[in-house]
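Participant: Take this structure first; my questions come after.
The values are calculated or read from the model by the stated rules, or taken from the named source; none is laboratory data. Please read all numbers here as calculations on a predicted model, not as lab measurements. Here the Cβ positions follow ideal geometry from the backbone for every residue, glycine too, while neighbour counts run over all protein chains shown. Only protein heavy atoms, including side chains, enter the accessible area calculation; ligands, DNA and RNA are left aside. Shrake-Rupley method; radii C 1.70, N 1.55, O 1.52, S 1.80 Å.
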Amino acid sequence: MSDLHTVCKRCGAESSIPSIPLINTSVNPELKERLLSGGLFIWECQKCGERNLATFPLLYHDPAEKVMIWLSDGSADTEARMQGAIAVEGMEGYTGRIVDTPGALIEKVKIFDAGLDDIAVELCKFVTRQEMGKNAELLFFGFDGADNEITLTYPENGEMQMLRIGFNVYEDCAAIVRRNPDMKKAASGLCRVGRSFIDRFLA
Ligand SMILES: [Zn+2]
């Protein structure tokens, strides 16, 4: 664990907070809990009480599910190094992803924990945006197996809106992914699977 030097966005007070470079879910399951609750990246300013969002690079590794997600700090050098290191280690059977925000990391963990394919989920979002007829920033929130529904969220008018879609939408999308092996191929190694990934195939 190393310290990250950071500044409160409200009052400008400087602070040192712990940054976590690695979560191995079998070694530190409590860190995964803190990640999912959002607590890992939130720090409270000692001076004014403001809750700030910290950003630091982090490697999330779930050896049981064979999932590896790199929360990038946007440095192309670090990303290339990370991809190189993982290529050497071997990614046999692994799903490897790069994300750019803590929110996107949490979303990916939720998708994989629910046993879903994130490419199919991105496709669901694409279809849902088409149906909504607006350019909403959709995020996967949860999958309720009992109701057979997937919940997506998106910000509108300063509030978080919830949207439920039937599991049949997901199943249709998963079928499309299965019929397009190029999609799976493009998502191998350590790569970004977000909106632009889907646009590449559907544009
Ligand atoms: Zn402050």
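Participant: Which condition from (1) surrounded by fewer than 12 Cβ atoms within 10 Å (Cβ to Cβ); (2) in contact with a Phe, Trp or Tyr (Cβ under 7 Å, 6 or more places away or on another chain); (3) at pLDDT 90 or above is the one that LEU202 breaks?
Facilitator: Every listed condition holds for LEU202 apart from (3).
Participant: Scan the range 131-152 and tell me whether some residue there is assigned to a strand (DSSP E or B), open to solvent by 20 Å² or more (accessible area, probe 1.4 Å), of a type in the set (Ser, Thr, Tyr) and not assigned by TED's automatic domain parsing to the domain that holds MET82.
Facilitator: No, the range 131-152 contains no residue that is assigned to a strand (DSSP E or B), open to solvent by 20 Å² or more (accessible area, probe 1.4 Å), of a type in the set (Ser, Thr, Tyr) and not assigned by TED's automatic domain parsing to the domain that holds MET82.
Participant: Kindly indicate the residue of the range 10-24 that is in contact with a Leu (Cβ under 8 Å, 6 or more places away or on another chain) and not hydrophobic (A, V, I, L, M, F, W, C) and also nearest to the ligand (Cβ to nearest atom) among those meeting that condition.
Facilitator: So the residue we want is SER16.
Participant: Is it fair to say ILE111 is in a helix (DSSP H, G or I), in contact (Cβ under 8 Å) with a residue 24 or more places away in the chain and open to solvent by less than 20 Å² (accessible area, probe 1.4 Å)?
Facilitator: yes
Participant: Something else now. Could you say which residue among ILE69, ILE86, ILE20 is within 19 Å of SER2 (Cβ to Cβ) and of a type outside the set (D, E, K, R)?
Facilitator: ILE20
Participant: Something else: What pairs come up if the first residue lies in the range 74-92 and is within 17 Å of TYR60 (Cα to Cα), the second is open to solvent by 40 Å² or more (accessible area, probe 1.4 Å) and at pLDDT below 80, and their beta carbons are under 7 Å apart, counting only those six or more places apart or on different chains?
Facilitator: none
Participant: Within the group GLY90, GLY49, GLY74, GLY84, which residue is exposed (fewer than 13 other Cβ atoms within 10 Å of the Cβ), more than 27 Å from ILE150 (Cα to Cα) and at pLDDT 95 or above?
Facilitator: That would be GLY49, the only listed residue that is exposed (fewer than 13 other Cβ atoms within 10 Å of the Cβ), more than 27 Å from ILE150 (Cα to Cα) and at pLDDT 95 or above.
Participant: So which of PRO18, PRO29 is under 24 Å from GLY145 (Cα atoms) and outside the structural domain of LEU190 (by TED's automatic domain parsing)?
Facilitator: Only one candidate qualifies: PRO29.
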